[in-house]
Each structure stands twice: as C-alpha cells, then as structure tokens.
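The block underneath contains the structure these notes are about, expressed in structure tokens.
Values in this text are rule-based calculations from the coordinates and carry no lab data. What you are looking at is a predicted structure, and each value in this text was computed from that prediction instead of being measured. Cβ: placed from backbone, ideal geometry, glycine included. Neighbour counts: every protein chain shown.
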Amino acid sequence: MLKYILQRILLMVFVIVGAAFLIFTVMYFVPGDPAQVMSSADATPADIAAKRAELGLDQPYLIQLGRFMYNAFVKFDLGNSWARGTSVMSSLLERLPRTFLLGFLMIVVTVVVGIPVGIGAAIHRGGWQDRSLMVMSMVFISVPEFWLALLLIIAFSLNLGWLPSFGIESWQCYILPVISGAVAGIANLARQSRASVLEVVRADYITTARAKGMKEQLVIYKHMLPNALIPIITISGSLFTRCVGGTVVLEKIFSFPGVGLYMTDSIGMRDYPAIRGSVVVLAAFTALLMLIVDLAYGFADPQIKAQYADSTKRKGHGRGHGRGHGHGHGRGRRRSFGGKEQHHDAAPVPDEERSRANGGEEKDSW
Amino acid sequence: MVTDRKAGFPVAAAVPAMRQKKEGMWKQTLKRLSKDKMAMLGLVGIVVLVFVAIVAPYITPYSYETMDTLNMNVGPSWQHLLGTDTLGRDYLSRLLYGSRYSLVLGISSSFLAVFLGIVIGAIAGFFGRWADNAIMRMCDIIQAIPGVMIAIVVSLMLGNGYWVTIWALAIGGCSHGIRMTRAQVMSVRSSEYLDAARTVNCSTFRIIVKHILPNAMSPMLLDFTMRIANMIQFSAGLSVIGLGVQPPTPEWGAMLSAGRDFIRSSPHLVIFPGLFIFAISFFINIFGDGLRDALDPKLKK
C-alpha cells in the first residue's frame, strides 16, 4: 500500500511541475509585448527596453523558464504581480483557503446528497421516485451553473432579499455559490451511483447473499455498496476537477475574493505573473484532489491493493473489467489490509489506466 | 467502451450479401433509438433549434442589429416578445440569430476536439513507445488543469474572438478523446484482423482509418454529441469571465454575460439567453443519453 501511495504522490508532483512548465511555455508565446502594455503611451523605445530588462523579459526562453521553475518550486515565490506590485504567492495564500473552503463545501454537498439520492433511486428502480429523480437529474445536469447562479441571485438576493449575492462576510454568503456549483455535480453523481448500484444488484453474489437468508439491509451495506463504490469514486474525480473549474466562474459572478477571482481580474489587466501563479496553484489544488481520489481507490478497490501487495503481479494484462469483483469483497476490504486475502479473479488493471480511462460514459471533466 | 467487432467492423467495408444476413450495427442502433421516447423528444428539440438557426432571417420579427431607440432595455411586451437589450435591439431576434453562432460554435469545437483526440490518440496508441509515453504524460498534466483554465490560457495566447474560442475549447477538451482513442487502438492492436491487414501490405494510415477507427466510432459519436452542450456552456462561461466570444456577436453566452451588468434593472437580459443554453443542453443530453443506451444495449437493463 505504501508503495502505491508513494507512487501517487510522485505522480502528483510530476503533474504539478508539468503544469507549471506547460503554462509558462504557453504564456511565453502569448503575442504582444507586456512591457509595451505596461508603459505609458509616450514611452520611448528605450523606456520600453528598460522595462523589458527590469521584468527579465529580454532573457532567452530557457533562462526565463529556469528562473520561473526555480523560484516557484524551490523558493516558493511566484514573482510579483505587475499590476498590483505585490507578491503573487502571498496574495494567493491569502485567498486559497477561501477557494478551498468553497470547493470543499461543494464537494461535500455533492457527495452527501448525490450518492444517497442515486442509491435511493436504484432501490426504488422503475417507481415514480426513480423516474422523477432521473428526469430531474437530467434537467439539473443541463442547467449552466453560472445561469443558475444568476437566477438564484435574482430570486433570493434581488427579489426576496434573503441571501447576500456577494462577499464572504457571513456564512450566508456561501449558500448561493455552493448550491449553484453543486447542483450539476449532484445530478451527475446521482445518475452514476444509480447506474453503478443497478449493475451490482444483478450480480450473482447478491443473489447468493439473499439465498443465504441474509437481511436485505445487510445485503445492501455489505455487498452492494462496497462494490458499487468504485465507479462512484471514478466519477467523483472528474466532478472534483469540474468543481475547481466551476469556482473560477462562480467567484467572478459572486465577487468571491478567491483564487479564481484573482485570476479573472488579472486577465483583464494582462498581469502575466498573477495569471500564471493562479493557474499553477489551482492546478496543484486539483492534483491534490486527484491524489485523494486515487488514494480512495487504493482503499476501496482490492485489485489495486492486491496489485501492490504481490509484486510479481505488477503488470496487468490489459484492461480488465473494473467492476464487480466477486463475492466477499465487503469483508475483504477490511481484513486484507496486509494484502494476504485476495478475492478477486479479474486480472489486475494497470492503475493509471483504470483511474482515468474508465470514464467513457461520464460527463466530461471540465 | 463498445468493441462490437462482429457488428461494428463490416459497416465500412460491408459486403452486400452479409448485410442481408444481419442488420448493421447502425441500423439496429437507429431502431432502438427510435423506440426511446426521451431521446426522440431530445432529437425533436435539437431539430427545431437547428431549423430555427437556418431560417433565422426569415422568421425573426426584426433584424438583430436594428435599434428601437424608443424602447431601450424594456421587458417582454407584445411589440418585443422577449424585450429589448440596452441598445434597444429586439432580444428575441438576437436570440434566434444567436442560435446560429452558438450551434456552430458547439458543433465545430466539439468536432475539432474529437478530431484532435482521434489523431493524437491514434498516434499514441498505434506507435506506442516514446510517442505514447509523451502524449499520455501530457494528458495527465492537462487533465489536472481544469479545462476552463486551459481554455483561458489558450484564449490569452490566441486572443478573443469567435473562431479563436472554438479552438481554445477544442484544445481544452481533447484529452478525453485522446485517452479514448488510445485505449480503443490498444485493445484492437494485437487482433488478428490487423495482422491480416498487415499481411496484405496495408499502409499504417489505411490500417488506422479503415480498420481501427470504425471500431471506435460509437464512443466517439457519443462523445461528440454530449460535448456539444458542454462546449456551448463553457463558451458562455468564458464570456462571463471576459474571454471568449464578445459582444456585439449575438452568441448566447456573450449576450448573457453582457446582460449580467443589468441584472438588477432588467433580469430578462440574463434569463432568456440562459434559457436557450439550458434548452439546447437539455435536448442534447437526453438525446445523448438515449443514444448511449441504443449504442450499447448491455448498459440498459
């Protein structure tokens, strides 16, 4: 297990460094001379050249890149904002907890509401509850989140005056952003959970459990849910990325002083260090969430556990089916922590494949 | 992922005699699809919106640029069914015209994303080794950055504007397609019919286009369909944060973001464009949902 965790952490570091590299490179090739934009209209070419030298823009690409990477990852310094003159890192560190809280609340609401709703729909499959929930989820998936946010503002802030439409002064300020950010995720997760539970319901080991005379509650909690959990974790990963992306737009709409608003404000001012810094920080935030999802896999999926417990079986034979691992999974989850008990019969799947390529049917992870 | 080789493969190079024995996969899919009421509702909705986009100049009551200076920024009335915007332009006309811009944007960016995904994914999957490694690590990184931000960075690089936004959205959204194509290619790479194709000296290009891609068609088609709605929404999101398509283009997202400043005095400027975006997304989503079940009946129980 430790090896798996270490490997995931390494991957996360690689992704963050890679993201920083990618963003620096793309922004380096943004046309237009920032020095000219920042200089006053009557600046002479010499003034502009001096400005370029001051910003370090006259250096070759590799030196600029090296300096940026060194500063960002060794000194944890993302440079100074051109427009504000303050350190990008300190502004971001001040704002990150707010964005983090916003994203965290969205994710919690999504998971806490979405999964039970999906399971409930699956249990009442075909009934009116199921059908109405599924139609409703389709509606909510299709609602653009910024539009929903604006509708909520019109209804609850402008007309009813119940909730504030901007700021972070009180806890009420979080209600509208969290609702508008979570609704699509809830609907998505509910659909996925429902599909995932329905897939498990028909498995042979459920029939066996029932045939043994097991109580229905126990069947659900010990056999259905643990097995249904894995595809649910898969989609949660893409939902989390979506949440982080969503906060950028929502922060703009709610004037929420987080990292996203810092970035969108900087876009208007062509403030490259600030844009670069916020994208890198948000990418790191996303990578951290993905790490958590990957670790959740490690604990929920005995295939991964087995793969890392038994080093001779490292390489899998292509993509097996990632679902329905057979009977006994529920118990195996707890007992096989040391990797001694292996209930699976499917070939171990190379984990980097499964965690991301699995989602052929999920909504895109924007 | 559908790897229905028996039914999927012969579509491209079907022998007529074979078709009589067994219906092609696409025919079966259409048959299943036509029985799905929700999917048909979605299809009707999409067709209506596309039709509106095509005949927009003939059915709009006003031109989308005509300003009615006596009625600026008014709510819905009989004269202007959905009101007018801040310059006195008829909002309904603008929205109907906007369907042209929004639909073309959604369809072309989605198509480009899938196309990029196919090309890059096929290269990764077919050639393997370092090309595969480089492309896949790149995808790892791109997937860690929320797509909105990739689109932001790309539009910073390319500037604002209609076609630039389409490219930005396509680049931001192609990593999913890359992974899908690659997985598909990997899964058939060692199959016997590819050995056979190689034996008769097929070129690599021909193998990819004629033998590998037809197998990957159905997930691609699904991805393409579902993505159109996403792309329209993302472009609207980009407009909201000051990038992407900008006014005066009568694109729904641009109109919505322009109306945001007047949300207090005239909420109809925000409500109606969003309603159109919602409608097209809803129709596409229910159609896509039905399409998925029709393409892969195993999933539907």
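Figures for the structure shown
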{"read-out": "Convex hull of chain B built on C-alpha atoms - directionally averaged projected area, nm²", "value": "19.0 nm²"}
{"read-out": "Options B:Leu116, B:Leu103, B:Gly274, ranked by Cα towards positive dipole end of region B:99-301, top entry (Cβ charges)", "value": "B:Leu116"}
{"read-out": "Tilt relative to chain B, helix B:129-144 - C-alpha long axis, 0 to 90 degrees, to 10", "value": "30 degrees"}
{"read-out": "Neighbourhood net charge (15 Å Cβ-Cβ; Lys/Arg +1, Asp/Glu -1) for A:Pro34", "value": "0"}
{"read-out": "Stretch gain in nm, segment B:Val209-B:Phe262, where the contour uses 0.36 nm per residue and the Cα spacing is subtracted", "value": "14.0 nm"}
{"read-out": "Shielding by partners - mean other protein chain Cβ count within 10 Å, residues of A:145-154", "value": "6"}
{"read-out": "P(r) of region A:98-266 over all Cα-Cα pairs, binned every 10 Å from zero, in whole percent", "value": "10, 33, 29, 17, 9, 3, 0"}
{"read-out": "Region B:145-176 versus region A:124-152: alpha-carbon centroid distance in Å", "value": "28 Å"}
{"read-out": "Region A:1-122: C-alpha gyration tensor shape, a/c 1.5 cut-off, then a/b vs b/c", "value": "prolate"}
{"read-out": "13 Å beta-carbon shell around B:Cys202, net charge (K/R +1, D/E -1)", "value": "+2"}
{"read-out": "Amide H contacts of B:Gln79 (H built 1.01 Å from N, under 5 Å, at least 5 apart or other chain)", "value": "none"}
{"read-out": "10 Å Cβ neighbours from other chains, averaged over peptide B:134-143", "value": "5"}
{"read-out": "Among A:283-295, A:2-14, A:234-246, the order from most to least packed when residues are scored by Cβ within 10 Å on average", "value": "A:234-246, A:283-295, A:2-14"}
{"read-out": "Distance in nm between pseudo-label sites at A:Asp77 and A:Ala296 (7 Å out along the Cβ direction from Cα)", "value": "3.8 nm"}
{"read-out": "FRET E, pair A:Met214, A:Arg270, Förster distance 60 Å, beta-carbon r, rounded to 0.05", "value": "0.40"}
{"read-out": "Residues B:His176, A:His223, B:His268, sorted so that the one with the fewest Cβ neighbours within 10 Å comes first", "value": "B:His268, A:His223, B:His176"}
{"read-out": "10 Å Cβ neighbours from other chains, averaged over peptide B:223-229", "value": "2"}
